[in-house]
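One structure below.
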Amino acid sequence: MYGSASISMSKGDVATSLLELAGLGIFPWLFSEERHQGYTDIVCVVAPVRINAGNVTFDSVVAETASVQLVARGAVNWRKDTIALRAEPRRVGKPLGRSAWPFEVTGKLSEPNFKLDIGGSRSKRTDGADQMPTDRKPCVPDLQQLE
């Protein structure tokens with residue numbers, strides 16, 4: 001297969017509250033509605049991908065809840081049985097805040113290695129933009145929306 005595709009979802013849910021834990025941190029998550037209900041409502045997911053002979057690459061997959069935006073990039077190669085992706089969850093509207101639990105999935109697709117970036121990570125814009133617009137758009141990486 002060759003080409004590109006875009007996968008999108010809105011108004012769904014996922015049967016775990018781990019996305020909220022990853023983006024909020026342990027203490028806010030303990031008191032979150034999602035933890036108590038056992039699932040997380042999804043505001044939207046947007047996943048544009050490129051496909052080239054079994055290799056699927058993506059620069060900006062976004063999954064968003066009311067509280068957390070997860071942005072991922074990477075590649076999955078079915079023919080070579082490899083995966084390399086990095087995802088950073090952050091509070092919605094706080095793209096320059098620390099991501100408490102960014103993670104990487106690497107290695108063989110059939111036996112992936114999962115690694116938490118202990119200590120988290122911060123992002124910055126090279127042009128110095130640091131203010132969220134008043135008309136923030138869901139499922140567009142917050143870091144790209146800064147003014």
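Residue-wise test of (1) touching a residue at least 12 places away in the same chain (Cβ under 8 Å); (2) of a type in the set (Val, Ile, Thr); (3) within 27 Å of TYR2 (Cβ to Cβ).
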residue: SER60; (1), (2), (3): yes, no, yes
residue: SER67; (1), (2), (3): yes, no, no
residue: LYS94; (1), (2), (3): yes, no, no
residue: SER121; (1), (2), (3): yes, no, no
residue: THR126; (1), (2), (3): no, yes, no
So GLU64 passes all but one of these: (1) surrounded by fewer than 16 Cβ atoms within 10 Å (Cβ to Cβ); (2) charged (D, E, K, R); (3) in contact with a strand residue (DSSP E or B) (Cβ under 8 Å, 6 or more places away or on another chain). Which condition number does it fail? (1)
Sort through LEU143, LEU70 and tell me the only one that's surrounded by 16 or more Cβ atoms within 10 Å (Cβ to Cβ), of a type outside the set (Phe, Trp, Tyr) and in a strand (DSSP E or B). LEU70
When you scan the stretch 30-74, how many residues do you find that are over 23 Å from LEU85 (Cα atoms) and either among the charged types (D, E, K, R) or touching a Phe, Trp or Tyr at 6+ places or on another chain (Cβ under 8 Å) (or both)? 4
Selection within the stretch 31-56 - in a helix (DSSP H, G or I) and either more than 22 Å from PRO95 (Cα to Cα) or at pLDDT 95 or above (or both): GLU33, ARG35, HIS36, GLN37
Conditions first: (1) of a type in the set (Lys, Arg); (2) outside any loop (DSSP other than H, G, I, E, B); (3) modelled with pLDDT under 95. ARG79 passes all but one, so which condition is the exception? (2)
Can we say ALA84 is within 20 Å of VAL140 (Cβ to Cβ) and in contact with a Ser or Thr (Cβ under 9 Å, 6 or more places away or on another chain)? no
Counting only residues that are assigned to a strand (DSSP E or B) and not acidic (Asp, Glu), how many does the stretch 57-67 have? 6
Can you tell me how many residues within the stretch 113-140 are at negative phi and either assigned to a loop (DSSP other than H, G, I, E, B) or surrounded by 16 or more Cβ atoms within 10 Å (Cβ to Cβ) (or both)? 19
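The values are calculated or read from the model by the stated rules, or taken from the named source; none is laboratory data. Computed from a prediction, not measured in an experiment: that's the story for all the values here. Heads up, the Cβs are rebuilt from the backbone with ideal geometry, glycines too, and the neighbour counts pull from every protein chain shown.
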